[in-house]
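A short worksheet on the structure shown next.
The values are calculated or read from the model by the stated rules, or taken from the named source; none is laboratory data. Everything quoted here is computed from the prediction, not taken from an experiment. Every residue, glycine as well, gets a Cβ built from its backbone with ideal geometry; the counts of neighbours run over all protein chains shown.
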Amino acid sequence: MQNEQRTARLIAGALILLPPTASLAQPAHEDSAFGLFGAFAATEYGYFKSRMGFNNEQDWTWVEDHFRNLGAHWTRSNLQLLWDIVEPVLGGGYVWNNPMLTDPLIRRVYREGNEVHWLGVFHEGGGPIPPPPPKQQLRNPLSYPNEYQAFVRAAVERYDGDGIDDAAPGVWVKYWQAGNEIMGWQSSGRTVDDYVQFVRLLRAASRAADPQAKLVLIAPTDGGHMDPWLTQVIGALASEQAFDVIDVHHWGAAQTWRMPAIAQYRQLLDSKGLSHVQIWSCEHGTWQGQPTGQPSQTEQDQARSLVKRYVFNSNSGLDKLFWNNLMEWYQFGGNAGSIFNSMGLVTDGQGPGEDPARFNTPRIAYWTYRLLAARIDTHLATRLGLMPEVYVEGQVYGYAYRRASAARRLYFLWSEVGVRNVTFSVGTPILRLTNLIPDRYGKILEQRSLYAAGGKVRATVATDPVVIAELLLGDLNCDDAVNNFDIDAFVLALTDPAGYKAAYPDCERDLGDINGDGVVDNFDIDPFVECLSQGGCP
Ligand SMILES: [Ca+2]
Ligand SMILES: [Ca+2]
Ligand SMILES: [Ca+2]
């Protein structure tokens, strides 16, 4: 206790010594792997906002609530750093509050308590403008390198959170993307060499404003194979410390959950001395419904694919995945059958194969995303990789994680070929299986305890991905520790099994079988007290 008081005094003293302008504002969870693409927007989601009667502020409140509920910590939007929008007349000054709401939107993302990070995309320019159109053609940054660098410096300085020329306290943008997608760069006739030049301009200008600024490269739109255009860019810039992240967009039908390019990019980057460069997928999704010319997919299909997209690809080297989207677009690009009308974690009920009665309700994939984020986000678990005891290529997949809060493991498993029995080594005698595909209200449909024998557990896996969690003996309240907070739960488990089940629905009464004789009874009391005194059961 004395030590705690001393520590508290030291912390209080240190806080007083900090100058008032010091940046304490960095939102938590920069390492999070869970993002949502395009969630905070200015001119998008018109159909949804109009039906809800939302203005942008109300829409952003709706968005924030969902981020918190989902456990998402990243977002990205393409349109707030369109040079022509922010600086409509060259040399005529920057308009930060413009039709794309650059200032209000970024400030809102960083509102206190949100714990959301924004990836800012410096639009590649040089081609036709996305709607709404103030002009037909965007300026090509390469045609005005000095003016473009001045714009980049001003934008990074405004949102970097260093207390100098900042838009608002709390805004903390550290990652900037050099263009959206490769196609947009190519369609205006620009080459790999032109792009390399663009990256150099951006790198120098962003670092001049913020030495910590990180750069993300422009994205290819298929994770099926490496994009030769991008590999040329990586090769040209490899020796310059010019970028920190590559981005690979990936959608497709539910069964195209694998991104084989991720492992290949990882190998390429490592081979060029770029092992610090991360790989993100900042636009990523699959649909529910039947977009034009595409297979019909159920909400379950979408949710199953979401688990595999996260678990398989992150185990191949993917560091972040941004789902495309929270609320979905309506008639994307004027196309009523676009796949992008039907990918949202929350549906608008519009689009082929969607249920109109489901307007503004979470799809099953929403609940699945939430279940995953609460278990495997970067601050909660460490990847241990493929489970060789169960893995059969094309048939059964299994990946292990170690939880940060305790030395116990989580196992994610699914089968591509129907029901399969698997047996694998585990570290605890009791485990809990949870099916990651709940019902449309988020209710878990399958959850049961598994018991190891001889250090191995046997489980049945099928189409729905499941997580099997090692449980801590004596941790009757399932908070990952064995201590005095477990006493009430232990007493309840001992005296009132039904009451225990009602009070701790996600925990397991058998964790009170401390002496391992198969029943929870008075003979477990003495060993339980011993567990408490030792901070854990032997
Ligand atoms: Ca600044
Ligand atoms: Ca829709
Ligand atoms: Ca406990």
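Here are the numbers for this structure:
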| quantity | calculated |
| --- | --- |
| Meets criteria (in contact with a Phe, Trp or Tyr (Cβ under 9 Å, 6 or more places away or on another chain), part of a loop (DSSP other than H, G, I, E, B) and at pLDDT 95 or above) for F54 | yes |
| Set D488, D513: member being of a type in the set (D, E, K, R) and within 14 Å of ligand 3 (Cβ to nearest atom) | D488 |
| First in segment 271-286 and more than 18 Å from V233 (Cβ to Cβ), second anywhere and aromatic (F, W, Y) and part of a loop (DSSP other than H, G, I, E, B), Cβ under 8 Å, 6 or more apart | E283/W251; H284/W251; G285/W251; T286/W251; T286/W257 |
| Where G333 falls short, out of the listed (1) at pLDDT 95 or above; (2) touching a Phe, Trp or Tyr at 6+ places or on another chain (Cβ under 9 Å) | (1) |
| Segment 105-115, residues that are in contact (Cβ under 8 Å) with a residue 60 or more places away in the chain and closer than 16 Å to E57 by Cβ | L105, I106, R107, R108, V109, Y110, N114 |
| Single match in T286, T298, T361 (criterion: at pLDDT 95 or above, more than 13 Å from ligand 2 (Cβ to nearest atom), surrounded by fewer than 18 Cβ atoms within 10 Å (Cβ to Cβ) and not charged (D, E, K, R)) | T298 |
| Residue match in segment 247-258 (condition: away from ligand 3 (no atom under 16 Å from the Cβ), part of a helix (DSSP H, G or I) and surrounded by fewer than 20 Cβ atoms within 10 Å (Cβ to Cβ)) | no |
| Condition met for L413 (in a strand (DSSP E or B), of a type in the set (A, V, I, L, M), within 25 Å of the chain's Cα centre (by Cα) and surrounded by 12 or more Cβ atoms within 10 Å (Cβ to Cβ)) | yes |
| Filtered residues of segment 339-351 (kept if near ligand 2 (Cβ under 10 Å from one of its atoms) and in a helix (DSSP H, G or I)) | F340, N341 |
| Residue list for segment 382-399, filter: part of a strand (DSSP E or B) and surrounded by 21 or more Cβ atoms within 10 Å (Cβ to Cβ) | Y397, G398, Y399 |
| Answer from L142, L138 - the residue that is away from ligand 3 (no atom under 16 Å from the Cβ), farther than 18 Å from F37 by Cβ and crowded, with 21+ Cβ neighbours inside 10 Å | L138 |
| Condition met for Q186 (modelled with pLDDT under 95 and either closer than 25 Å to F332 by Cα or touching a Lys or Arg at 6+ places or on another chain (Cβ under 9 Å) (or both)) | yes |
| Residue match in segment 352-368 (condition: away from ligand 1 (no atom under 16 Å from the Cβ), in a strand (DSSP E or B), over 21 Å from the mean Cα position of the chain (by Cα) and of a type in the set (V, I, T)) | no |
| Residue match in segment 156-174 (condition: more than 22 Å from R108 (Cβ to Cβ), modelled with pLDDT of 95 or more, away from ligand 2 (no atom under 16 Å from the Cβ) and of a type in the set (V, I, T)) | no |
| Candidate set: segment 456-477, residues that are within 25 Å of the chain's Cα centre (by Cα) and not aliphatic (A, V, I, L, M); chosen: the one farthest from ligand 3 (Cβ to nearest atom) | T463 |
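Residue by residue, here is whether (1) in contact (Cβ under 8 Å) with a residue 60 or more places away in the chain; (2) among the aliphatic types (A, V, I, L, M) holds:
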{"residue": "Q212", "(1), (2)": "no, no"}
{"residue": "V216", "(1), (2)": "yes, yes"}
{"residue": "P220", "(1), (2)": "no, no"}
{"residue": "A236", "(1), (2)": "no, yes"}
{"residue": "A254", "(1), (2)": "no, yes"}
{"residue": "A261", "(1), (2)": "no, yes"}
{"residue": "Q267", "(1), (2)": "no, no"}
